[in-house]
Amino acid sequence: MADGYLWLRALHIIAVISWMAGLLYLPRIYVYHCGVAPGSEASETFKVMERKLLRYIMNPAMIATFVFGIGLIWILSPGIWQQGWLHAKLTLVVALAVMHGMMAKWRRDFELDRNQHSARFFRWMNEVPTVLMIGVVILAVIKPF
Ligand code: HEM
């Protein structure tokens, strides 16, 4: 059981790193994508980068983060449900998943050349997963309550 727990924790952290890499990088691509003309060669290149990052890295990594995280909860149940940090963490994780969904919608808008947001908007959106990630990691490691 102990080995299983440690392997799940390691796989969970690996999946988290991959998911966060995408959540922090994709809005940055959107910032540059706002700076080129729809239909241009550069815009078509950004579309390929965005589609592959979301479909082949972010989506599988988010699913793996959830699967290994739920596996950890299963191993540590029922005691872990008494711990406040887990409830606070899962609330922030839901916010991260909502951000993921918003990024998927913005990708489709770029794909169809109908993006309405500015580079400044995406610079601000780039900060949201950063702040959420800091909160989640502090809760998961320090377990303050
Ligand atoms: C549905 C999604 C998630 C669930 C169910 C979940 C659940 C858990 C559980 C139960 C643990 C084990 C805690 C322990 O060993 O005491 C854990 C560890 C951890 N989680 Fe998550 N988690 C999720 C998403 C995330 C996300 C999105 C991040 C980062 C942004 C994250 C970062 C971590 C870290 C860094 C640890 C290791 C803590 C340590 O080893 O001290 N988790 N998670």
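The values are calculated or read from the model by the stated rules, or taken from the named source; none is laboratory data. Keep in mind that what you see is a predicted model, and the values were worked out from it rather than measured. Cβ: placed from backbone, ideal geometry, glycine included. Neighbour counts: every protein chain shown. Each accessible area value is taken on the protein alone, full model and side chains, heavy atoms only, with ligands, DNA and RNA left out. Shrake-Rupley method; radii C 1.70, N 1.55, O 1.52, S 1.80 Å.
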- Output the residues belonging to segment 98-119 that are open to solvent by 30 Å² or more (accessible area, probe 1.4 Å) and assigned to a helix (DSSP H, G or I). V98, G101, M102, K105, R108, E111
- Query: Any chance segment 35-42 includes a residue that's away from the ligand (no atom under 16 Å from the Cβ), surrounded by 12 or more Cβ atoms within 10 Å (Cβ to Cβ), touching a residue at least 12 places away in the same chain (Cβ under 8 Å) and in a helix (DSSP H, G or I)?
  - Reply: no
- Item | segment 1-27, residues that are touching a residue at least 12 places away in the same chain (Cβ under 8 Å), open to solvent by 70 Å² or more (accessible area, probe 1.4 Å) and more than 11 Å from the ligand (Cβ to nearest atom) | M1, Y25
- State whether the residues of segment 49-61 include one that is surrounded by 16 or more Cβ atoms within 10 Å (Cβ to Cβ), among the hydroxyl-bearing types (S, T, Y) and under 29 Å from W124 (Cβ atoms). no
- Message: Yes or no: segment 69-83 includes at least one residue that is under 29 Å from P38 (Cβ atoms), in a helix (DSSP H, G or I) and more than 10 Å from the ligand (Cβ to nearest atom).
- Response: no
